[in-house]
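The values are calculated or read from the model by the stated rules, or taken from the named source; none is laboratory data. As the structure is a computational prediction, the values presented were derived from the model and not from experiment. Note: ideal-geometry Cβ built from the backbone for every residue, glycine included; neighbour counts use all protein chains shown. Each accessible area value is taken on the protein alone, full model and side chains, heavy atoms only, with ligands, DNA and RNA left out. Shrake-Rupley method; radii C 1.70, N 1.55, O 1.52, S 1.80 Å.
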Amino acid sequence: MTRTSPWTPLPGAHPLGGLRPVLDAGDAVLGHEPGGGYEDRCWVLHTIHDEHGRRLRWREMLAGAGRRLEDWPKTPSYLLFQGIEGRQDHEGPSDGEIDRACLVRLVALLARHGADGPDTPCYAAQAPIEDLGAPVPARAGRLADAPAHHDRCSGRSGEGWLQFPANWWAVDGSWFVLTDWDLCATEVFGSAALIASLLADEELEAVRHPSIAETWG
């Protein structure tokens, strides 16, 4: 695979390792959540900053309002913060797209748990909602080039993609990442060792919480 930055477009007929029919069917219009095939999974919560630019953990912000993430029965989204005093002064969490800081750290941890490290070949696909009825735009590239593609997506439109892909995954199937358009967290599927490293990481705020399928049936 050629080393390009950012990820390069693939033709609409590209099979994407067998996932193309699932994505083009549009059943998961906001993003595709795997139904199995991975040892474990977790959510990486998108970053929140206060009015002074200081990072706030979700648990910290919720505790100030007498709430707990564990008591939230749905998937992690902006709805969790509705009605919290001073919420309008905070920046984030981003919805429908992982923020760059989380992405950079996630890429570093994914690289540690793959045989090819930062050179891991990846596929990436937009959510069908970006252009309903059309073949889902997809790209390919190195894992290490994900942040460069995130930078290019910022504020861009009209090229068959509007933002960072909803789904991106290792070509060898070792891990899979989903950011649903309605959510403020990114779901990661992979080995037990990978998920354990995400949950233990001090830079990310990764948690166990019900999946989309478990929440919505």
Does residue 41 satisfy the criteria of being open to solvent by 40 Å² or more (accessible area, probe 1.4 Å), under 19 Å from residue 203 (Cα atoms) and in contact with a helix residue (DSSP H, G or I) (Cβ under 8 Å, 6 or more places away or on another chain)? yes
Quick count over region 181-206, residues being open to solvent by 20 Å² or more (accessible area, probe 1.4 Å), over 19 Å from residue 165 (Cβ atoms) and touching an Asp or Glu at 6+ places or on another chain (Cβ under 8 Å), is 3
Sole miss for residue 101 among (1) surrounded by fewer than 18 Cβ atoms within 10 Å (Cβ to Cβ); (2) free of Cβ contacts under 8 Å to residues at least 24 places away in the same chain; (3) of a type in the set (A, V, I, L, M, F, W, C) is condition (2)
Please find, among 70, 91, 33, 51, the residue that is of a type in the set (Asp, Glu), farther than 25 Å from residue 123 by Cβ, open to solvent by 20 Å² or more (accessible area, probe 1.4 Å) and touching a strand residue (DSSP E or B) at 6+ places or on another chain (Cβ under 6 Å). 91
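Matching residues to (1) of a type in the set (D, E, K, R); (2) under 18 Å from residue 165 (Cα atoms); (3) without any contact (Cβ under 8 Å) to a residue 12 or more places away in the chain:
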residue: 45; (1), (2), (3): no, yes, no
residue: 57; (1), (2), (3): yes, no, no
residue: 80; (1), (2), (3): no, no, no
residue: 107; (1), (2), (3): no, yes, no
residue: 113; (1), (2), (3): no, no, no
